[in-house]
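A short worksheet on the structure shown next.
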Amino acid sequence: MRRKHREIVHVGREGWLFLIGGTNGVLEQYRASLSRWWRLRGWVKLVAARAARAQALGIRYVHVVVPEKLSVYDDRTQDLRFDPRQAPTRVLARRLINNPHYVDLLAPMRAARDGAVPLYYRTDTHWNYEGCRLAYGVLMRACGAVPPADLDARERYETTRVRDLGEKIPEKPIETASHAVLDRDARRTYASPLVAAYEAAGRAPDLHVGAHVCFRNDRPDVDPRTLVLFGDSYAHFAPIMLTGILAESFREVHFVWSSSIDWGYVERVRPDLLVFEMAERFVTRLPDDTFDIATYQKGEHLAAAAPAVAAPPAEAPVPEGLSAEA
């Protein structure tokens, strides 16, 4: 396992690619250790503390961890030494089995992994639309909500490109995937300064932590509740994944890209539902819940949205009559 930890991508059966290394040491997380035990214990305590704090505000807290592709599709790997039974999501599901605030996605996703359509991209770390749709259904049940009746009748479209894991291997495989059109009834009512700046610069795909958007859905039969979602790229600030489906399902949805909850923001909005979503590989970092979304929108983070401008070569002569600043 330690040899594989130095690698980034594992090439499995039939073109399936898996993230096994990187800054989060993905494969190493499937090895039981004392440090891992303490870290997961910290998550169990954090779920309980968040739920209690939310309940004191009259808010229901729901905690979701998106399983790593390795945890769901271990049967698609090839000669990779790891134990999927040690997946952090499996351990958390056992420890939180009686906690109504934790939503287990691993069990339903493994149960559905052999369906006609995969739940994850073959050449990407993320779930595809089908995987997101399945998780959304589980989450909606946990929230006591019903999906829109016409959700599965939405128009579909395809995208074909090299995806994130494909970019990391020499072959650069291209993958085609089908998506549903989600942004129909909900409209975006707010985009934070960071989102606006990155979009204006044509760099929206480069924005991650700190993205903040709000959606409003005035459809008469939509669930009338307000939902605040703290999540990552599996939810996303663009209406393409979990945030987009939820925006089609609730009156108001707020999304903040952060693993740390901004409780000041939660107290100001006072949503009915507070949902936390995070990829399994990020359980290596236990958040302190001191995030301040308003402060994060300023200074260096906002300045980083500007496209980089290449400096002229140091030896390049300045044309006569022009200053170096021209």
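The values are calculated or read from the model by the stated rules, or taken from the named source; none is laboratory data. Values in this document were obtained by computation on a predicted structure and should not be read as measured data. Cβ sites come from the backbone with ideal geometry, for glycine too, and all protein chains shown count toward neighbours. Accessible surface is based on the protein model in full, side chains and every heavy atom, while ligands, DNA and RNA are left aside. Shrake-Rupley method; radii C 1.70, N 1.55, O 1.52, S 1.80 Å.
Of the residues screened, GLU167 is not one that is assigned to a helix (DSSP H, G or I), surrounded by 16 or more Cβ atoms within 10 Å (Cβ to Cβ), under 20 Å from the mean Cα position of the chain (by Cα) and among the charged types (D, E, K, R). One residue stands out in the stretch 238-288 among those that are modelled with pLDDT under 95 and closer than 18 Å to LEU139 by Cα: the one that is most open to solvent (accessible area, probe 1.4 Å), namely ILE240.
Just to verify a result, which residue in the stretch 175-206, among those that are open to solvent by 70 Å² or more (accessible area, probe 1.4 Å) and assigned to a helix (DSSP H, G or I), is farthest from MET278 (Cα to Cα)? Checking each candidate, the answer is ALA200. Can you spot a residue in the stretch 7-23 that is open to solvent by less than 70 Å² (accessible area, probe 1.4 Å) and among the hydroxyl-bearing types (Ser, Thr, Tyr)? No; the residues of the stretch 7-23 include none that is open to solvent by less than 70 Å² (accessible area, probe 1.4 Å) and among the hydroxyl-bearing types (Ser, Thr, Tyr). Checked against (1) within 20 Å of LEU273 (Cα to Cα); (2) aliphatic (A, V, I, L, M); (3) in contact with an Asp or Glu (Cβ under 8 Å, 6 or more places away or on another chain), ALA87 passes all but condition (1). Just one residue in the set VAL213, VAL209, VAL228 is under 25 Å from LEU139 (Cα atoms), of a type in the set (Val, Ile, Thr), touching a strand residue (DSSP E or B) at 6+ places or on another chain (Cβ under 8 Å) and assigned to a loop (DSSP other than H, G, I, E, B); that residue is VAL209. Among the residues of the stretch 70-77, is there at least one that is surrounded by fewer than 17 Cβ atoms within 10 Å (Cβ to Cβ) and acidic (Asp, Glu)? Looking for residues that are surrounded by fewer than 17 Cβ atoms within 10 Å (Cβ to Cβ) and acidic (Asp, Glu), one finds at least one in the stretch 70-77, hence yes. In the stretch 170-189, which residue that is within 14 Å of TRP16 (Cα to Cα) and among the β-branched types (Val, Ile, Thr) is nearest to the chain's Cα centre (by Cα)? Among them, the one singled out is THR176. When every residue of the stretch 80-100 is checked against the conditions, none turns out to be open to solvent by less than 10 Å² (accessible area, probe 1.4 Å), in contact (Cβ under 8 Å) with a residue 40 or more places away in the chain, within 27 Å of TYR129 (Cα to Cα) and assigned to a strand (DSSP E or B).
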